[in-house]
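Colleague: One structure, as structure tokens, below. Some questions next.
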Amino acid sequence: MDTDTHGFQPLVQGSIHTGLVKQFLPAAFVPRFQYRCARADFERLCLFQLRQLASMIAVVGGLVFTGGIVSAPAWSQGVSAAPPQSAQSSPATLNASTLTETLASLTPEEWAALPPELRAELEALKPPTWQAGISAKLAAGWRDNPLLSAVNREERAFVRTQLETFLWRLPKGAWEAMAFLNGDVIRYVQPLPDLAGEQSWFGQAEVRWQPRPGLRASLSTQGYFQDQVIDLSATETERSVARLRVTGAVLGGEFRITPAAPVSLVALTQAHESRYRGFSEDFGEIKLGGRLVWTPHEAWNVTATVLSRVRDYDARPAYTVGGRPLTGTLLSLQQDEAELKVGFTRGHWQASLTALGLANRDGGSGYFDYDERRGRASIEWKKAPWSLSLESAAVRYHYRVQTVGIGFDPPRRRRDDVEATLRAERTLRTRWTWFGEVQGERSRTNEANASYTQTTLMAGLAYTY
């Protein structure tokens, strides 16, 4: 089944130098910030959570943060005035780019009017222009069916290493840039025939342009390499599981507009090239789509996505309705997809539900036509030092023309996949985390000798910097 790119875990945590602040605020109000990377949502990459920053600034310097704009009231200009009540109320949460832009919005006269001690403290609050982080994991585990075999299962112990890195250039004016690289390498203690291990690498670089808060455009490029046992049965004429070496590149663009909170509209496009070593699966793909994001409440978010892909194969032929290759033709697939995702976050809990429907059409005899229905659910609980998560997914492929068996009316080909992952983490020290994971996968089909299961157990340590 498909797997998501591994997301980032919390990386660095520290305290601001607050010599001057401590003269005005109790220790409980001294702000702390942490560099955080959110899993499966690159948009929230590297947020700085500055707790009660607005209240602190109001008391220390009389600056009022309102929608990312700073005003310097009478107190900072030598006139006696109490801090506004709005600045003393609820804590404000600002990301690093907002803080940088806010401080930069002060005019030279406003900056010069501030007390020297306050200016020094505000300079200390400015995050570095470049942010970088790295997470490395080492684990040992056991897998009962590495080759996804339906009949000859061979279990193996393995050692697994994972690497996650990111680099972020804070916004300068309307421009922002970021990049990350993920690697995942498995080596089996006793190599299997033609399979000593598996690996995958994925990298992305992105540039964003945001001339104003409700408008953003981005351009990204991605590259990947996979050397893994992969089930290709969905787009093949029969069950096909093999070790594949695949390289690919993706160039994409996205335009996002927020006409009125809490609604955002996104238009996107991608060009994708994939190359298979030793297999006639090379293809080029163009994807167009749109997304609607609705956040009716701080705890809820709803995302609706519509995508359309055209995939042209370089060497695979089209087939007749009876399953015979057509000489001199090239296969082209049209995939139309609709997805609805609902997310919920409250306190220590985070959960999501996703439903997806996809129609695959070959534009010819229909031999490769199928309908896909997919559901995914996840739930996560975090309370220091523990984190527990459960993810599950189910997908059904129903083929419209292909049949199995023989006879006057053989049944249509069908395939059902289910997988689930249970994961536990515990923070041991500031930079060290222990984790354990259990993953199960099952693929069932009405084809003979084509169903299989796989179970993976794993435990290890992660170091973040």
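A short reminder: the numbers here are calculations on the coordinates, not readings from a lab. This one's a predicted model, so the numbers in the text were calculated from it and none came from an experiment. Methodologically, a virtual Cβ is constructed for each residue, glycine included, from the backbone with ideal geometry; neighbour enumeration extends over all protein chains shown.
Colleague: Where in segment 401-465 are there trypsin sites (Lys or Arg not before Pro) that are in a DSSP coil and have at most 10 other Cβ atoms within 10 angstrom of their Cβ?
Modeller: 429
Colleague: Could you list 126, 383, 137, 341 so that the one with the fewest beta carbons within 10 Å of its beta carbon is first and the one with the most is last?
Modeller: Placing the least packed residue first, the sequence is 383, 126, 341, 137.
Colleague: Could I ask something else about it? Can you tell me the FRET efficiency between residue 400 and residue 342 if r is taken as the Cβ-Cβ distance and R0 is 45 Å, rounded to the nearest 0.05?
Modeller: 0.90
Colleague: While we're looking at this one, here's another question. Pulled fully out, how much extra length does the chain show between residue 124 and residue 365, if you take 0.36 nm times their separation in residues and subtract their Cα-Cα distance?
Modeller: 80.1 nm
Colleague: Calculate the dipole size of segment 130-464 relative to its Cα centre from +1 charges on Lys and Arg beta carbons and -1 charges on Asp and Glu beta carbons; express the result in debye to the nearest 20.
Modeller: Dipole size: approximately 900 debye.
Colleague: Would you order 201, 142 from fewest to most other beta-carbon atoms within 10 Å of each residue's own beta-carbon? Numbers along the way, then the final one.
Modeller: Working: 201 16, 142 13.
So the ranking, lowest neighbour count to highest, is 142, 201.
Colleague: Within 10 Å of each residue's Cβ, count the other Cβ atoms and sort 158, 225 from fewest upward. The partial results should precede the final answer.
Modeller: Working: 158 19, 225 14.
Going from sparsest to densest Cβ surroundings: 225, 158.
Colleague: Now, a different point. Just to be sure I understand the model, the point goes 7 Å from the Cα along the line to the Cβ. What's the resulting residue 383 to residue 432 distance in nm?
Modeller: 2.5 nm
Colleague: Please go through segment 113-160 and write out the GluC sites (Glu not before Pro) that DSSP classes as loop and that have at most 14 other C-beta atoms within 10 Å.
Modeller: Qualifying residues, ordered by number: 155.
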